[in-house]
Amino acid sequence: MKRAVIVGVYGHVPDYVLTNKELEQLVATSDQWITTRTGIQERRILKEANAATSSMAIKAVEGLLQKTATDPTDIDLLVCATITPDVVTPATANIIAHAVGATNAFSYDLQAACSGFLYALDAAAQYIVTGRVKKAIVVGADKMSAITNYSDRATCILFGDGAGAVLVTARDEAEGHGIVDTLCKADGAGQDLLYVQAGGSRCPASYETVRAQAHYIYQQGQSVFKVAVTFMAQSVLEIMKRNELTAEAIAYLVPHQANKRILQLVAERTMIPMEKVMLNVHKFGNTTAATIPLCLWDYEQNLKKGDKLVLTTFGGGFTWGAMYMIWGYDAASQ
Ligand code: UT7
């Protein structure tokens, strides 16, 4: 039997740093409120004219290919998780694959909001395990500033732009590395609590939709907060139970980064100490599909071959889940 294993990770965030102090100039908020309620201190914003989600994703994938000495024509599949595609069609994944020279890859976008990366990694892993695909790239990328209303203090403090990418290949299960188990969940009952109203087929873009600010992301923060804590903790506990994993055995919890308080509560409920929780929400905010690969990129040097990681996520839809993987390489010695 084969297992899909991550053999490289790379990320890209824009240079522009949007601080809490700058947000104080835009809306009625304060650095203190944002820091204590969310843990976010700053986020990166893509400012260049005509720059899109693919602009960041291409840099992440180019860095990944270079770092892993991979010929782009050896890539069989490229999946891009995003809710902010460059255009409605074609897929941002097609744009990325073309730009990096992945001419033998089939490529598509996957939309599962903040759970997009976990869902996309799971999808790519299935292709790898069956042998249909030898090398896959999974990208999580979002230009959240494109759908953020900078006059709404309830949302504009939360989001940032960024992209992360991983290279996935197959290894024999006997080697003891790779993705062991995945739990993907969804419930459309949450559709009215976190959404973008206009721009789709139900409510296409018009003068009225723009005037009504209906192209921006909206969420009922408190309700989403509670469900996020409950479902992230539940899915981590379920994946721990069915793989007989103790909190001590886990090297890192790799959670979607929406709010530091959510992560503290998930850590408490799963009895995983905060020192083992990957955190970068303070510097990047919520980058939607990019949070998990950006965390892996940030912490890569700390990861050792054989480390047991549990990824977990929650996002619009609702969508959520968890994944148990055994890390496959020592970045520090590469
Ligand atoms: O990634 C996808 C999943 N998304 C999430 O997981 C996000 C989940 N939600 C959250 O992270 C939090 O709910 C927020 C950070 C969005 C909001 O924090 P909260 O502690 O739930 O605040 P709240 O919405 O209950 O608002 C508390 C108060 C309100 O004032 P009153 O009614 O008590 O007078 C808000 O109007 O804080 C006020 N408020 C603000 N004050 C200063 C809301 N936003 C701000 C702000 N600055 N930016």
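Descriptive notes on the structure:
- Calculated FRET value between Lys67 and Ala174, using beta carbons and R₀ = 22 Å, to 0.05: 0.25
- Exposed loop sites here mean trypsin sites (Lys or Arg not before Pro) with a DSSP loop assignment and at most 15 other beta-carbon atoms within 10 Å; the chain contains its longest site-free run at 203-303.
- Solvent accessible area, Å² - Phe318, 1.4 Å probe, full protein context: 10 Å²
- Computed from backbone phi, the HN-Hα couplings of the stretch 80-95 come to 10, 8, 6, 10, 10, x, 4, 9, 4, 8, x, 5, 4, 4, 5, 5 Hz, rounded to whole numbers (Karplus: 6.51 cos²θ - 1.76 cosθ + 1.60, θ = phi - 60°; Gly and Pro given as x).
- Lys pairs, the stretch 2-175 - Cα-Cα below 29 angstrom, 8 or more residues apart or on other chains: 17
- 10 Å Cβ shell holding at most 13 others, DSSP loop, GluC sites (Glu not before Pro): longest site-free stretch of the chain: 49-243
- C-alpha center-to-center spacing [the stretch 189-217, the stretch 242-273] in angstrom: 34 Å
- Theoretical FRET efficiency, 1/(1+(r/R0)^6), r = Cβ-Cβ of Lys241 and Asp307, R0 22 Å, to 0.05: 0.65
- Taking a straight line from the alpha carbon of Lys308, these lysines sit under 17 Å away, with near neighbours fewer than eight places off in the same chain left out: Lys241, Lys276.
- When both the stretch 1-24 and the stretch 39-64 are represented by their alpha-carbon centers, they are found 8 Å apart.
- Farthest toward the positive end of the dipole of the stretch 180-333, out of Cys295, Gly285, Pro273, is the Cα of Gly285, where the dipole comes from beta carbon charges about the Cα centre.
- For the stretch 2-175, the Stokes-Einstein estimate of translational diffusion at 20 °C and a viscosity of 1.002 mPa s comes to 127 µm²/s, using the Kirkwood hydrodynamic radius over alpha-carbon pairs.
- FRET efficiency estimate (nearest 0.05) - Cβ-Cβ, His98 to Tyr195, R0 41 angstrom: 0.85
- Placing unit charges on the Cβ atoms only, positive for Lys and Arg and negative for Asp and Glu, gives the chain a dipole magnitude near 340 debye about its Cα centre.
- Gain upon complete extension [Cys203, Asp187; 0.36 nm per residue less C-alpha separation]: 3.6 nm
- Working from label points 7 Å from Cα in the Cα-to-Cβ sense, the Met271 to Glu48 distance is 5.0 nm.
- Amide H contacts of Leu78 (H built 1.01 Å from N, under 5 Å, at least 5 apart or other chain): Phe106, Ser107, Tyr108, Ile137
- Karplus-derived HN-Hα couplings along the stretch 170-178 (A = 6.51, B = -1.76, C = 1.60, θ = phi - 60°), whole Hz, x at Gly and Pro: 9, 9, 5, 4, 4, 6, x, 10, x
- Rel. contact order, % - alpha carbon contacts under 8 angstrom, at least six apart, the chain: 25 percent
- Size descriptors for the stretch 180-333 (Cα atoms only): Rg and Dmax, in that order, 17.3, 57 Å.
The values are calculated or read from the model by the stated rules, or taken from the named source; none is laboratory data. The structure displayed is predicted, hence computed values, not measured ones. Quick reminder, even Gly has a Cβ in these numbers, built from the backbone with ideal geometry, and neighbours come from all protein chains shown. In case anyone asks, the SASA skips ligands and DNA or RNA and just uses the protein heavy atoms, side chains included. Shrake-Rupley method; radii C 1.70, N 1.55, O 1.52, S 1.80 Å.
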